1. Considering the options ALA117, ALA135, HIS152, tell which one lies farthest towards the positive end of the dipole of the range 108-183, charges being +1 on Lys and Arg and -1 on Asp and Glu at the Cβ, about the Cα centre.
2. On a straight-distance basis, which lysines could pair with LYS344 in a cross-link, Cα separation under 19 angstrom, same-chain partners fewer than 8 positions away excluded?
3. Any idea what the dipole of the range 348-395 comes to, in debye rounded to 20, about its Cα centre with Lys/Arg Cβ at +1 and Asp/Glu Cβ at -1?
4. Cross-link candidates for LYS423: which lysines have Cα within less than 18 Å, leaving aside residues fewer than 8 places away along the same chain?
5. Can you return the lysines within cross-link range of LYS177? Criterion is Cα-Cα under 25 Å, with same-chain partners fewer than 8 residues away left out.
6. Charges at C-beta only: +1 for Lys and Arg, -1 for Asp and Glu. How large is the resulting dipole of the range 295-360 about its Cα centre, in Debye rounded to 20?
Amino acid sequence: MNIETPAAPWHARPARERRRTTLLRSGHGALALAALLALPAAPVAAAGRQAPPGQVAPAVPPAQRSVGARSGSEWFSRGMKLHEDERWDDAIAAFQKAFDAGYREGTASYNIACGYARKGDADRAFEWLGRALEAGFDVPSHLDDDDLASLHADPRWTDLKARARAARAGRDQARVKTAVARFEKLMGDPVKNGSALYDVGRELLRAAEYDRAARAFVAAAEAGRREGTSLYNAACARALANQRDEALGLLRRALDAGFDDPDHLREDDDLDGLRPDPRFAQLLKDAEELSLDGFPSVGGRLLRSQRVAEAEEAAARFERYLKKHPASGRAYSNLGFAHLAAEKDREALAAWRKALELGYRRPATMYNLACAHARLKERDEAFAWLDKAIDARAVSASHLEGDDDLWNLRRDPRFRKGVEKAKAAESREDDE
């Protein structure tokens, strides 16, 4: 098997990580339910009790304050049930009563916003999301909530995300300060540590330190750390900072470097500010034309005839792309994979040579050249490229030992030497 490492977004989402700490997914959407997991039992008649003569009446906790016949917590629970039943107006009214009773005002505000969003009332939804932010609710962690999907096309959504992330960054100033200090140190090192820069870029992106995050990710890419993904995350940072030209340029670089997730590019709300630009539509089209995602299919892996048919179709797609973009090293590399899957080893070799000339993923491409020569039983050429690939740390010893494309090399003493050389390189890397 050749090295194919399509760059997938870490924000597993492209430039942030998704977490649900207060949301519980239900069949009809999501609501903030963590409040319900540890509710105290409500004392009987707590709100109506009178103090004995000469004593001050005890303060009534928010959970026990009543609005009418129900306490705030009871109204909140009722709102949850009504929302699950898609009775949006009644749910909003119940959460409003919980809010009026002082019960978990941030969470209640957020749930009211969800109800208005479900109804299609964007103005009221944004109003209540603003209240949730002011009350300290962690809005950034719930920006992917299905209940809010109707708001994504609204220009106010981008502003809300910026406000939400800035609010979270303000609560985490100590962590932000540490991340910034680490960033400055890493950027000042003469030899850049790609992995460390990538990690600090993630921290800075979460903290809404968009300029530093973008610079960290670009430096990580230039140091060889997940180049396509790093550049994609840098583009997200620039997009969130409303730097459209820089973001679009970085997205182009990410595609050229091998970022391969058209669906994520299509759906990532970090990029919402770019979507009105016609250049974004072209980038998305190019991403789809260049994609190897899902190739070959499950059926293609099982049936030779299906694999060959899929490979020939993919090769035709990449050849069409190269007519428009003859300097695309990635397209030549993908064409090599398609030819190899179609059992056209000589054509694969030519495509990868061109990819290498264009500077595309040199370590991985050198390894792929070794595989193509090995399949063609051109052992001397295969070992020459394999040695270069091992020097570039393109492949692990275990990959060498398990790759069927190298079968024709296994009985040659040079193969065992190559495996040992790869193991030695891995040991040195671990020591570092």
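Every number here is computed from the coordinates shown, using simple stated rules; none is lab data. Since this is a predicted model, take the numbers as computed values, not measurements. Cβ coordinates were reconstructed from backbone atoms using ideal geometry, including for glycine residues, and neighbour counts include every protein chain displayed.
1. Towards the positive end, the residue furthest out is ALA135.
2. Counting by Cα, and skipping residues close in sequence, LYS344 has these lysines nearby: LYS354, LYS377.
3. Details: 9 positive and 6 negative charges, 37 e Å.
Roughly 180 debye, rounded to the nearest 20.
4. LYS388
5. LYS161, LYS185, LYS192
6. Numbers: 12 positive and 8 negative charges, 29 e Å.
About 140 debye.
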